[in-house]
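All remarks here apply to the structure that follows.
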There are 2 protein chains.
Amino acid sequence: MTESESESKFLKSYNPKDFDSPLCTVDMAIIAVEAGELKVLLVQRSEHPHKGCWALPGGFADLKRDNSIEATAHRKLAEKTGIKTPYLEQVESIGNAMRDPRGWSITLLYFALIDFEALSIKEGAVTGSEQTQWMSIHDALKCELAFDHALLLRKAINRLRNKTRYTALPISLMPETFTLTELQTMFELILGTSLQKKSFRRRLEASGLLIGSGDMRSTARRPAALFKRSDSFKSDHVFPGLLDVEIESL
Amino acid sequence: MTESESESKFLKSYNPKDFDSPLCTVDMAIIAVEAGELKVLLVQRSEHPHKGCWALPGGFADLKRDNSIEATAHRKLAEKTGIKTPYLEQVESIGNAMRDPRGWSITLLYFALIDFEALSIKEGAVTGSEQTQWMSIHDALKCELAFDHALLLRKAINRLRNKTRYTALPISLMPETFTLTELQTMFELILGTSLQKKSFRRRLEASGLLIGSGDMRSTARRPAALFKRSDSFKSDHVFPGLLDVEIESL
DNA sequence: ACTTATAAGTGTCTTTATGACACCCAAGAT
DNA sequence: ATCTTGGGTGTCATAAAGACACTTATAAGT
């Protein structure tokens, strides 16, 4: 019997269900800004365990439909928000015997950043049988989320805060065009500190990530130049230096 | 029936095996330096699939013995190297339908850095029925590793290289005491570039991570001061600035 | 029409950290 | 005694962020 015959015979008699295997899920921290606050999308669990609790959206990979875990994450995101091309990043995987009463379980945590205004499914929408809600990060961390989802949310926010110090990530939360002050406000909102206007503009200027759209935003004051993402824009662009703010680890 | 009675009834009738669940493993890139080369610990697979191929050590979480995936990683590491307190970090999780012929599979990739000299199990050791080997990174990436382990190894090395630019991580690869030149050589080996002696020493001096051990190393030339980790040492210490080297993404 | 408040946007000096590189120093080898 | 060699330092240049004052444009109020 050749090696490859031996291997195919082995595979034929192999059944994954013969082994004890942990539960394996994908959970998502979907983050947007609305009304000047960082918010996260939560769903109310319609099934046990933790029935009735608010939780991060997520669930099992559908082995028939999803070719990879990123596909699962994209599918979940599209189901909840209608958004197809978000900023999506894997944060970490947490697995242990205690986090789910059903038994040993692992979750792959993703976080997504989206422009709230681009949402096709908004406040209080009901997808399937589940109630969904945008809740401010602050409230979400206080309100007894299901499982260890408060921990997961903290991990996602910490990642977002850290990356905001040295990358252009928050631009993913902005609409098509925006002013530099609006963008700076977004950074400040995420970091929870105020930033130096000059330094902020210098970084962006030097990065070449944005170009003026030509238009101006006329508000009650002096009009502000509108910018949009340039051709060379990448949301994970790394600036040469860190913003010197100390972030409170949640 | 109260909510909690309803929930416990649900849990009693719940069987994880009722659902299609992916295979879920932990794989490890265990890295050390020997003979002036970055090396990775590989095991030769004694079972199908990919029987006979070299692979990163790893395997299924033992739901009976391991309380968490970190516990699984620590156990695997101790089994292969005898080392209990390494630098250990989760890199990423990869899951898709193609990476394992047995079916949809997810792996949680960890990487560990250890001081080769502190190993209790060395070259060519046989643990259980598996042959193990330390192979240079360069060779390992060329030699057709099992599954997608070449990809996993590249991800681990890229992470190591990136972190070496702005953290003190490589100190985890050093013995108890060492000279600054030896440490710099370690950084250079990982990054694949030479570094400025002065800049390198300044960063470490300013960090307060090391203190002189009092002793000197007497070689054929001028003796060099020996240093050890100070009380405030943390391997994930972040330096204020980046080392300005461009690293070839593998 | 003039003034004022306010947000947009700029000029410029300081501070911090790394890069570059020349120089000095200590010990064994000759 | 001198040479060689790697250990270790002094110092100026450069890059990027921080601090902060200043100018500018607009709408609203008088």
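The values are calculated or read from the model by the stated rules, or taken from the named source; none is laboratory data. Owing to the predicted nature of the structure, the values given are computational and were not obtained by experimental measurement. Here the Cβ is made from the backbone with ideal geometry for all residues, glycine too, and neighbour counts use every protein chain on show. Ligands, DNA and RNA are excluded from the accessible area calculation, which covers all protein heavy atoms including side chains. Shrake-Rupley method; radii C 1.70, N 1.55, O 1.52, S 1.80 Å.
Worth pointing out:
- Rolling a 1.4 Å probe over the protein heavy atoms gives the protein assembly as shown an accessible area of 49 Å² per residue.
- Shown for B:Asp215: label points 7 Å from Cα along the beta-carbon vector, and their distances to the equivalent points in the other copies, 7.1 nm in ascending order.
- Inter-chain Cβ neighbour average for residues B:239-250, partner chain, 10 Å: 1
- A point 7 Å from Cα along Cα→Cβ stands in for A:Arg201, and the other copies hold the same point at 4.3 nm, listed in rising order.
- Low-density loop positions, GluC sites (Glu not before Pro), the range A:122-213 - DSSP coil, at most 15 other Cβ in 10 Å: A:Glu123, A:Glu144, A:Glu176
- For the range B:93-250, taking Cα atoms only, Rg and Dmax work out to 18.6, 60 Å respectively.
- With K and R counted +1 and D and E -1, the other residues having a Cβ less than 14 Å from that of A:Lys155 yield a net charge of +1.
- Distance from the range B:38-95 to the range A:127-177 (C-alpha centre basis), Å: 32
- Averaged over the residues of peptide B:92-104, the number of Cβ atoms from other protein chains lying within 10 Å of each residue's Cβ is 6.
- The charge dipole of chain A, taken about its Cα centre with unit charges on the Cβ atoms of Lys, Arg (+1), Asp and Glu (-1) only, comes to about 680 debye.
- Rounded D (µm²/s) - the range A:167-229, Kirkwood Rh over Cα pairs, Stokes-Einstein at 37 °C, 0.692 mPa s: 270
- Restricting the range A:147-250 to trypsin sites (Lys or Arg not before Pro) in coil, as DSSP defines it, with at most 14 other Cβ within 10 Å: A:Arg221, A:Lys234
- Entry note, chain A: the mean residue ellipticity at 222 nm calculated from DSSP H runs of n ≥ 4, each adding -39500 (n - 2.57), is -8500 deg cm²/dmol after division by the residues and rounding to the nearest 500.
- The share of accessible area on the protein assembly as shown that comes from carbon and sulfur is 49 percent, using a 1.4 angstrom probe.
- Interface size, chains B and A: roughly 3600 Å² of accessible area buried, both sides included, 1.4 Å probe, rounded to the nearest 100.
- Å³ per residue enclosed by the Cα convex hull of the range B:13-163: 125
- About its Cα centre, the protein assembly as shown has a charge dipole of approximately 1220 debye under the convention of +1 per Lys or Arg Cβ and -1 per Asp or Glu Cβ, with nothing else charged.
- Average other protein chain Cβ within 10 Å of Cβ, residues B:173-181: 0
- Take each peptide in B:77-90, B:25-38, count the other Cβ atoms within 10 Å of every residue, and average; sorted highest first, the result is B:25-38, B:77-90.
- The charge dipole of the range A:167-229, taken about its Cα centre with unit charges on the Cβ atoms of Lys, Arg (+1), Asp and Glu (-1) only, comes to about 260 debye.
- Over the range A:20-163, Cα pairs under 8 Å with separation of 6+ residues give a relative contact order of 32 percent.
- Teacher prompt: B:Glu34 distances to equivalent labels in other copies, 7 Å Cα→Cβ, nm: 5.8
- Across the protein assembly as shown, Cα-Cα pairs farther apart than 41 Å form 29% of the total.
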